[in-house]
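Read the structure below first, then the notes.
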Protein chains: 2
Amino acid sequence: MSLQMGSLEAWAAPRREALNARLEALFADAWPAPFTAMAQHPLRTGGKRMRPLMVIGAFEAVGGTDLEQVWPAAMALELVHTYSLVHDDMPCMDDDDERRGKPTTHIVHGDAMALLVGDALLTEAFRLLGDHGDARMVLELAQAAGYHGMIGGQVSDLGGGGPVTDVETLTRLHANKTGKLFRCAVRLGALAGDASNSQIATLTRFAEHFGFAFQLADDVLDADEDAGEDGPPSFVKLMGLDETRRRAALETKEALTALSGMNAEPLAGLASYNLSRKL
Amino acid sequence: MSLQMGSLEAWAAPRREALNARLEALFADAWPAPFTAMAQHPLRTGGKRMRPLMVIGAFEAVGGTDLEQVWPAAMALELVHTYSLVHDDMPCMDDDDERRGKPTTHIVHGDAMALLVGDALLTEAFRLLGDHGDARMVLELAQAAGYHGMIGGQVSDLGGGGPVTDVETLTRLHANKTGKLFRCAVRLGALAGDASNSQIATLTRFAEHFGFAFQLADDVLDADEDAGEDGPPSFVKLMGLDETRRRAALETKEALTALSGMNAEPLAGLASYNLSRKL
């Protein structure tokens, strides 16, 4: 596993660095000028950039080579993910003061500016795709991020559809909250690389299994802190720790099987890395 | 003026009714199901629908006839305007309990859901344009709504760039906060109607003057309630009531002059109606 991880990071590091440079150039000429630093704040958290790496991995898996074609989609995915964290962290939502050891946007710049920063990140994602000129990408991202996707999952997670007490509903919640954006990431990467319909279908299948495996692994990792009646609904609570582990391994295997006919080492590496988090 | 107003409303009423029917069909199949009513709440406020009427007016002014071509843009403008109101009304922003005599979204559904409703309305605007298949419209809307447009204006309005104490800065604030979306409305309508570059330039000039006139008239209307040191910055405070009235009339005249070579009665009617609000 360590060799595999090493080769994943050898692939990921230069792409992450190039992506970060592009993200740091956003909002550079804001008016009023202080908004540049406000909007940059949540983008500089040193994240793994997993979603944009999935975009790039899918792009390369279908034969894409000129990375200029894939940056708008890769950046858009990270912007949408980051906006959702900025809004999620606000006092009226999860009320988190820190993320990865750094103060969240509303702690540094106040609630009103954090709200507007989130709005600006979301809008900027669509500006990049509009500027890239591919309306299909806009449609895919809006579907994945909207009320049929991530926002619907957040509404459900906050109890907007009542308490979540069964595995089927929790699965649907996470398929929307997390899975749809994973799915969107590989589909936008595939579109950027002029993929065939069959390649898009293969990558979609991969992402759906990977997305589920990601959430299962997350619940295993969080099993201790979320224990008890008061914590959020989780697969560990509803299925037990062993069954959640077993399902995470199974979904990862399905994800890797989906990729078997494709030259997609980095995507396979990301799925394997996810599972390794809990070993 | 009353005859002109009557003919404007004869044009506007059936279009507003058709638009409202389409807006009410949005979010119909949300999951979880209660989100449908939450997202519909701010769309059912009985507004004038001025921005979508500007989209349609521009579409028809450049020769567009099949309204099916213009609904996505018209709806998108109203969705972006409405999302900005939902977020603006939240306690961390302007903290308004009512809008047009009805309780605001966060009063009815709580702050967390209001935040997500705003996010969903913004995302839905881009979904409609992506589905329509015109990436240029996506780019125009994202530029107008983002940090170079509406959001930048809101940041400035909330003091994110320091206190606003001169006419030039206040003009720029409103050009971003309100004007860019007016400008975008006519430009999207023009794009939907396959306008020439010259027609787009004419309509843009109209919208820039109309947007300024709109804000000047608004400040005249609000002159009483916003009086005193504590109120928001306004043109009336910086230029006096008479000069603000004079500028509103002047900007309206410039807007109408821009349209003089075009068959655009409804757009002219909207600009005249705006000025009549303060007479």
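Could you give the nm distance between label points at residue B:277 and residue A:257, where each point is 7 Å from its Cα heading toward the beta carbon?
Roughly 6.2 nm, to one decimal.
Rounded to whole Hz and in sequence order, give me ³J(HN,Hα) for segment B:131-138 from the Karplus expression 6.51 cos²θ - 1.76 cosθ + 1.60, θ = phi - 60°, writing x for Gly and Pro.
Computed from phi, the couplings for segment B:131-138 are 5, 5, x, 10, 5, 4, 5, 4 Hz.
Express the relative contact order of segment A:165-279 as a whole percentage, based on alpha carbon pairs under 8 Å and six or more residues apart in sequence. Walk me through the intermediate numbers first.
Numbers: 115 pairs, mean separation 35.3, N = 115.
Relative contact order comes out at 31 percent.
Could you report the accessible area of residue A:7 in Å², rounded to 10, computed with a 1.4 Å probe on the protein chains as they sit in the structure?
Answer for residue A:7: close to 70 Å² accessible.
Per residue of segment B:6-23, in order, report the coupling 6.51 cos²θ - 1.76 cosθ + 1.60 (Karplus, θ = phi - 60°) as ³J(HN,Hα) in whole Hz, putting x for Gly and Pro.
x, 6, 4, 5, 4, 6, 6, 4, x, 6, 5, 5, 5, 4, 4, 4, 5, 5
Placing +1 on the Cβ of each Lys and Arg and -1 on the Cβ of each Asp and Glu in the protein assembly as shown, which of A:271, A:170, A:87 has its Cα farthest towards the positive end of the resulting dipole?
So the residue furthest toward the plus end is A:271.
Divide the volume of the convex hull of the Cα atoms of segment B:15-137 by its number of residues and quote the answer in cubic angstrom per residue.
Working: hull volume 13.1 nm³, N = 123.
Taking the convex hull of the Cα positions in segment B:15-137, it is 106 Å³ per residue.
Counting only residues 5 or more places away or on other chains, whose amide H sits under 5 Å from the amide H of residue A:99 once H atoms are built in the peptide plane?
For residue A:99, whose amide H was placed from the backbone, the distant partners under 5 Å are A:104.
Tell me, what is the percent relative contact order of segment A:16-103, built from C-alpha pairs under 8 Å that lie six or more residues apart? Could the numbers behind the result be given before it?
Working: 53 pairs, mean separation 23.7, N = 88.
Result for segment A:16-103 is 27 percent.
I'd like the carbon and sulfur percentage of the solvent accessible area for the protein assembly as shown, probe radius 1.4 Å, heavy atoms only, ligands and nucleic acids excluded. Don't jump to the answer; show the numbers that get you there.
Working: 10630 of 21990 Å².
Carbon and sulfur atoms account for 48 percent of the accessible area of the protein assembly as shown.
For segment B:11-47, which trypsin sites (Lys or Arg not before Pro) are in a loop by DSSP, counting at most 16 other Cβ atoms within 10 Å?
Values: sites: B:15, B:16, B:22, B:44; in loops: B:44.
Here the sparse-neighbourhood loop sites are B:44.
Could you work out [θ]222 nm for chain B from helices alone, using -39500 (n - 2.57) per DSSP H run of at least four and dividing by all its residues? Round to the nearest 500 deg cm²/dmol.
Details: 14 runs with 186 residues, N = 279.
Computed mean residue ellipticity for chain B: -21000 deg cm²/dmol.
At most 10 other Cβ atoms within 10 Å and a DSSP loop assignment: could you name the GluC sites (Glu not before Pro) in segment A:157-254 that fit? Walk me through the numbers before you get to the answer.
On the way: sites: A:168, A:208, A:225, A:229, A:243, A:251, A:254; in loops: A:225, A:229.
When the GluC sites (Glu not before Pro) of segment A:157-254 are filtered for loop state and at most 10 Cβ neighbours within 10 Å, A:225, A:229 remain.
For a 27 Å ceiling on Cα separation, which of these pairs sit above it: B:102/B:177; A:48/A:180; A:102/B:180; A:180/B:177; A:177/A:253; A:177/B:180? Could the numbers behind the result be given before it?
On the way: B:102/B:177 24 Å; A:48/A:180 19 Å; A:102/B:180 35 Å; A:180/B:177 32 Å; A:177/A:253 22 Å; A:177/B:180 32 Å.
The pairs that break the limit, which is 27 Å between Cα atoms, are A:102/B:180; A:180/B:177; A:177/B:180.
Would you mind giving the mean number of other chain beta-carbons within 10 Å of the Cβ of each residue in A:100-112, as a whole number? Numbers along the way, then the final one.
Values: counts 0, 0, 0, 0, 0, 0, 1, 0, 0, 1, 3, 5, 12.
Shielding by partners across A:100-112 averages 2.
May I ask you to derive the relative contact order of segment B:80-169, considering only C-alpha pairs under 8 Å and at least 6 residues apart, and to give it as an integer percent?
Values: 59 pairs, mean separation 18.3, N = 90.
That works out to 20 percent.
What is the average number of partner chain Cβ atoms found within 10 Å of a Cβ in A:84-93?
On the way: counts 2, 0, 0, 6, 3, 0, 5, 4, 10, 4.
Averaged over the peptide's residues, the number is 3.
Could you please put B:71, B:31 in sequence from largest to smallest accessible area, using a 1.4 Å probe?
Details: B:71 15, B:31 55 Å².
So the residues, ranked largest to smallest area, are B:31, B:71.
Taking θ as phi - 60°, what are the ³J(HN,Hα) couplings along segment B:118-125 by the Karplus curve (6.51, -1.76, 1.60), each to the nearest whole Hz, with x for Gly and Pro?
x, 4, 5, 5, 4, 5, 5, 4
In what sequence, largest accessible area first, do A:196, A:272 appear using a 1.4 Å probe? List each step's numbers first, then the result.
Numbers: A:196 50, A:272 15 Å².
Largest accessible area first, the residues go A:196, A:272.
Between residue B:25 and residue B:96, what's the calculated FRET efficiency when r is the beta-carbon distance and R0 is 35 Å? Round to 0.05.
Details: r = 27 Å, r/R0 = 0.78.
That pair, residue B:25 with residue B:96, gives E of 0.80.
At a probe radius of 1.4 Å, what is the per-residue accessible area of residue A:253, in Å² to the nearest 10?
140 Å²
To the nearest 20 debye, what is the magnitude of the charge dipole of segment A:5-276 about its Cα centre, counting +1 on the Cβ of each Lys and Arg and -1 on the Cβ of each Asp and Glu?
Working: 23 positive and 39 negative charges, 166 e Å.
Charge dipole of segment A:5-276: 800 debye, to the nearest 20.
The values are calculated or read from the model by the stated rules, or taken from the named source; none is laboratory data. Worth saying up front: this structure is predicted, and the values here are computed from it rather than measured. Please note: Cβ atoms are built from the backbone with ideal geometry, for glycine as well, and neighbour counts cover all protein chains shown. The protein model used for the area step is the full one, side chains on, heavy atoms only, and it has no ligands, DNA or RNA in it. Shrake-Rupley method; radii C 1.70, N 1.55, O 1.52, S 1.80 Å.
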